[in-house]
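S.K.: Below you'll find the structure I mean.
The values are calculated or read from the model by the stated rules, or taken from the named source; none is laboratory data. In this text the structure is predicted, and so the values were computed from the model without any measurement. Here the Cβ is made from the backbone with ideal geometry for all residues, glycine too, and neighbour counts use every protein chain on show.
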């Protein structure tokens, strides 16, 4: 049984498209995971509950800048409750593709207990 050339070409084109998406989106998702880990470590740190909100926000913004994530001060929310400290970040990354633009929404956050 032989496979026609157009089917092989179509399969190669689909695989190349999938590889292109992986190359484009993987760094964004990995940077989000790194930010999530940083926020979790920050909330569970021994000094976090005593630090002012502005200092915590600055740390998150600094780390986001290092990861090239488009996060502004109003994207970082800090809550202090009887249960502990909670930090969550809400932001999106706009990815422009030929003929299409997509917004990837992220919500990393963590809390202490």
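S.K.: Looking at (1) out of contact with any helix residue (DSSP H, G or I) (no Cβ under 7 Å at 6 or more places or on another chain); (2) surrounded by 14 or more Cβ atoms within 10 Å (Cβ to Cβ); (3) modelled with pLDDT under 95; (4) closer than 14 Å to residue 108 by Cα, which is the only condition residue 53 fails?
M.R.: Exception for residue 53: condition (4).
S.K.: Moving on to the next point. When you scan region 87-110, how many residues do you find that are surrounded by 11 or more Cβ atoms within 10 Å (Cβ to Cβ) and either in contact (Cβ under 8 Å) with a residue 24 or more places away in the chain or in a strand (DSSP E or B) (or both)?
M.R.: Adding up the residues that qualify gives 13.
S.K.: Here's a follow-up. Evaluate region 5-27: report whether one residue or more is at pLDDT 95 or above, closer than 19 Å to residue 105 by Cβ and surrounded by 14 or more Cβ atoms within 10 Å (Cβ to Cβ).
M.R.: Within region 5-27, none of the residues are at pLDDT 95 or above, closer than 19 Å to residue 105 by Cβ and surrounded by 14 or more Cβ atoms within 10 Å (Cβ to Cβ).
S.K.: For the structure I just gave you, tell me whether residue 84 is surrounded by fewer than 16 Cβ atoms within 10 Å (Cβ to Cβ), out of contact with any helix residue (DSSP H, G or I) (no Cβ under 8 Å at 6 or more places or on another chain) and under 18 Å from residue 42 (Cα atoms).
M.R.: So residue 84 fails the test.
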